[in-house]
1. Could you list, in sequence order, the residues of the range 148-177 that are in a loop (DSSP other than H, G, I, E, B) and without any contact (Cβ under 8 Å) to a residue 12 or more places away in the chain?
2. Restricting the search to the range 218-253, which residues are under 25 Å from residue 304 (Cβ atoms), part of a helix (DSSP H, G or I) and in contact with a strand residue (DSSP E or B) (Cβ under 9 Å, 6 or more places away or on another chain)?
3. Could you pull out the residue among 334, 323, 271, 312 that is crowded, with 19+ Cβ neighbours inside 10 Å and at pLDDT below 90?
4. Among the residues of the range 6-53, how many are more than 14 Å from residue 266 (Cβ to Cβ) and within 16 Å of the ligand (Cβ to nearest atom)?
5. Which of the residues that make up the range 264-310 are under 12 Å from residue 30 (Cβ atoms) and part of a loop (DSSP other than H, G, I, E, B)?
6. Can you list the helices (runs of 4 or more DSSP H) lying wholly within the range 36-134 that have 3 or more residues being at pLDDT 95 or above and buried (at least 22 other Cβ atoms within 10 Å of the Cβ)?
7. Being in contact (Cβ under 8 Å) with a residue 24 or more places away in the chain, outside the structural domain of residue 298 (by TED's automatic domain parsing) and within 16 Å of the ligand (Cβ to nearest atom) narrows it down to one residue among 88, 97; which is it?
8. What tally of residues in the range 189-217 results from selecting those that are outside any strand (DSSP E or B), in contact (Cβ under 8 Å) with a residue 40 or more places away in the chain and in contact with a strand residue (DSSP E or B) (Cβ under 6 Å, 6 or more places away or on another chain)?
Ligand SMILES: Cc1ncc(COP(=O)(O)O)c(C=O)c1O
């Protein structure tokens, strides 16, 4: 007779079955001084590929299989700064597809190693052109040999936002018992914000949707896009957000360090999203705020900002000039 252990997950047939159903974690440490605010992080680093991008990657690959565009003879191709690439590489390895990725050469060494470990082929692109350079290269490659590739095109593929409409948002509604009042997510491809946001709008129109962007084109917020100066994703709809908040790299670094000190070792865009969530929380008493934490901290271990002294909670240090963690051109796509 097997022993029933409450909460123990069932045996998975494939690693792919473990994508989604991520926990919601209360950020009690950051609620101090707020007026009756419940603040929760959606722990997307708990996905098997380590990020929120497992969801759209799986959905777009499944759509390709269903439509017949993805076959055993085609190669999965896309432009990615890392996380979507890791997701494609993982799913491709598990399902037996070749994967080719256009990646700005300045992505962190950890990401390059992970992609290689899964057996993906990498085409490095000009770091100064960021994610836009990678997008242009992928388009060229697909145009030159369209029959060779299943060009996923995460920036213009509706499967990207639909994955969040169908999974991320319903999970959050369930996990908060439908009490959610604010949703905060950063914009990379914008899939997370647009997909989950649309679902929340339909669920209850008063839920406030807050998008997050770097506050300048030259930033250190890996995964996020400065829309004003970048190739705008086809799936992005600027009219969905009730508010769009710009976050400074320094503030995101500071909060990412503070999160680690509270036991949550997450990536820089999580710190950026938290900065925006706290901004909202300070002026929103009696609220239930959910903020997306897109990935974990491991892929950013080589970033020098970890080694800086941190100040007290919620007091980012202004800094000038060259120094550890100074913002540099990023692959900054979100994907
Ligand atoms: C670390 C990180 N943060 C945020 C995002 C933004 O997500 P989305 O592309 O759904 O806008 C991404 C996307 O890859 C990411 O990798």
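1. Of everything in the range 148-177, just one residue is in a loop (DSSP other than H, G, I, E, B) and without any contact (Cβ under 8 Å) to a residue 12 or more places away in the chain, namely 177.
2. Within the range 218-253, 249, 252 meet the criteria.
3. Result: 334 is the single residue among 334, 323, 271, 312 that is crowded, with 19+ Cβ neighbours inside 10 Å and at pLDDT below 90.
4. Result for the range 6-53: 5.
5. Once the filter is applied, which keeps residues that are under 12 Å from residue 30 (Cβ atoms) and part of a loop (DSSP other than H, G, I, E, B), the range 264-310 yields only 264.
6. Once the helices (runs of 4 or more DSSP H) in the range 36-134 are filtered for at least 3 residues that are at pLDDT 95 or above and buried (at least 22 other Cβ atoms within 10 Å of the Cβ), what remains is 54-67, 83-95.
7. Values: 97 fails: within 16 Å of the ligand (Cβ to nearest atom).
After ruling out the rest, the residue left standing is 88.
8. Result for the range 189-217: 3.
The values are calculated or read from the model by the stated rules, or taken from the named source; none is laboratory data. The structure displayed is predicted, hence computed values, not measured ones. We place every Cβ from the backbone using ideal geometry, glycine too, and count neighbours over all the protein chains shown.
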